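Notes to accompany the following structure.
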Amino acid sequence: MLDSVDLSDLRGALRAEAAERMAQDSAHDLAHLDRVWTTAQALSEAEGGADLRVLLGASYLHDLVNLPKDSPHRARASTMAASAAAPILRSHGFTNHEVAAAQHAIATHSFSAGLKPKSLEARILRDADRLDALGAIGIARTFAVGGALGRALYDENDPFAEHRALDDSAWALDHWPVKLFRLSEGMMTLAGKLTAQERVAEMRAYAQVLAGELGRVLPESWA
């Protein structure tokens, strides 16, 4: 297995490709790619046996086609990104086998696509990307995306949906119980699952503080 130090030049080149080609927003920018790569390396070390070269390519090109969360084509974004990544990877010396492996990881990382990761690299990339939606950075990203889509932070009359149906198309905070609190259940690596559980606990602790500031008692379902 290649040491991460040996990949520093390739990382810089792929990061530059992403900077030039990827449509960036506050939740899907170069910092997001850096975090995913850092987390992917940690998960790879915990799992053992992953191809870091393939994982690096997938980490920096997985959002090459970045469509808005409310786009009708959102479910196709990851497969479109996988297709767009192929010529870039080849131009940086990836073999056909490596290209195919990175493409599979990219295509299957997306929650919206609903595709099943079949390789260790794909499972790691998916976990790493989903972990970036949780914890402190996940809190920030939730509200950044909600603001960009014109959604209110929360329902001022019923912020924790005690007497209404959850609707994360209207209120950013609703996205937590609708999707994010459940991400740990679908993690595909043990290290990913444990980290996800820790980060979800951090978000629930934040919700407890928020409830206090709003003069409310946090429902048991959120605690």
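The values are calculated or read from the model by the stated rules, or taken from the named source; none is laboratory data. None of these values were measured; they are calculated from a predicted model. Note: ideal-geometry Cβ built from the backbone for every residue, glycine included; neighbour counts use all protein chains shown. Heavy atoms of the whole protein, side chains included, go into the accessibility calculation; ligands, DNA and RNA do not. Shrake-Rupley method; radii C 1.70, N 1.55, O 1.52, S 1.80 Å.
Quick notes
- Cβ-Cβ under 8 Å pairs, at least 6 apart or on other chains, segment 24-38 side farther than 13 Å from Ile137 by Cα, far side in a loop (DSSP other than H, G, I, E, B) and among the polar types (S, T, N, Q): Gln24/Asn66; Asp25/Asn66; Leu30/Gln24
- The set of residues in segment 188-220 being part of a loop (DSSP other than H, G, I, E, B), hydrophobic (A, V, I, L, M, F, W, C) and more than 21 Å from the chain's Cα centre (by Cα) consists of Leu214, Val217, Leu218.
- Residue check, Ala161 open to solvent by 50 Å² or more (accessible area, probe 1.4 Å) and touching an Asp or Glu at 6+ places or on another chain (Cβ under 7 Å): no
- Pairing residues of segment 183-194 that are at pLDDT 95 or above with residues that are of a type in the set (Val, Ile, Thr) and open to solvent by 60 Å² or more (accessible area, probe 1.4 Å), at Cβ distances under 7 Å and at least 6 apart in sequence or on separate chains, gives no pairs at all.
- Scanning segment 56-75 for any residue that is at pLDDT 95 or above, in a helix (DSSP H, G or I) and in contact with a Ser or Thr (Cβ under 6 Å, 6 or more places away or on another chain) turns up nothing.
- Every condition in (1) within 14 Å of the chain's Cα centre (by Cα); (2) under 21 Å from Pro68 (Cα atoms) holds for Ala152 except the one numbered (1).
- Residue list for segment 35-56, filter: touching an Asp or Glu at 6+ places or on another chain (Cβ under 7 Å) and small (Gly, Ala, Ser): Ala50
- Scanning segment 171-187 for residues that are assigned to a loop (DSSP other than H, G, I, E, B) and open to solvent by 30 Å² or more (accessible area, probe 1.4 Å) yields a single hit, Lys179.
- Screening Gly150 with (1) open to solvent by 30 Å² or more (accessible area, probe 1.4 Å); (2) within 24 Å of Ala58 (Cα to Cα) gives one miss only, at (2).
- Search result, residues across segment 71-80 that are touching a residue at least 24 places away in the same chain (Cβ under 8 Å) and of a type in the set (A, V, I, L, M): Ala75, Ala77
- Only one of Leu7, Leu14 that is under 18 Å from Glu98 (Cβ atoms), touching a Lys or Arg at 6+ places or on another chain (Cβ under 8 Å) and open to solvent by less than 20 Å² (accessible area, probe 1.4 Å): Leu7
- Scanning segment 42-97 for residues being open to solvent by 50 Å² or more (accessible area, probe 1.4 Å) and of a type in the set (Ser, Thr, Tyr) gives a total of 4.
- Within segment 102-127, the set of residues being under 19 Å from Ala84 (Cβ atoms), of a type in the set (D, E, K, R) and more than 12 Å from the chain's Cα centre (by Cα) comprises Glu121 only.
- Among the residues here, Ile139 qualifies as aliphatic (A, V, I, L, M), open to solvent by less than 50 Å² (accessible area, probe 1.4 Å) and in contact with a Phe, Trp or Tyr (Cβ under 7 Å, 6 or more places away or on another chain).
- Selection within segment 196-218 - closer than 28 Å to Ala40 by Cα and open to solvent by less than 50 Å² (accessible area, probe 1.4 Å): Ala196, Val200, Met203, Ala207
- Residue match in segment 20-34 (condition: in a helix (DSSP H, G or I), in contact with an Asp or Glu (Cβ under 9 Å, 6 or more places away or on another chain) and modelled with pLDDT of 95 or more): yes
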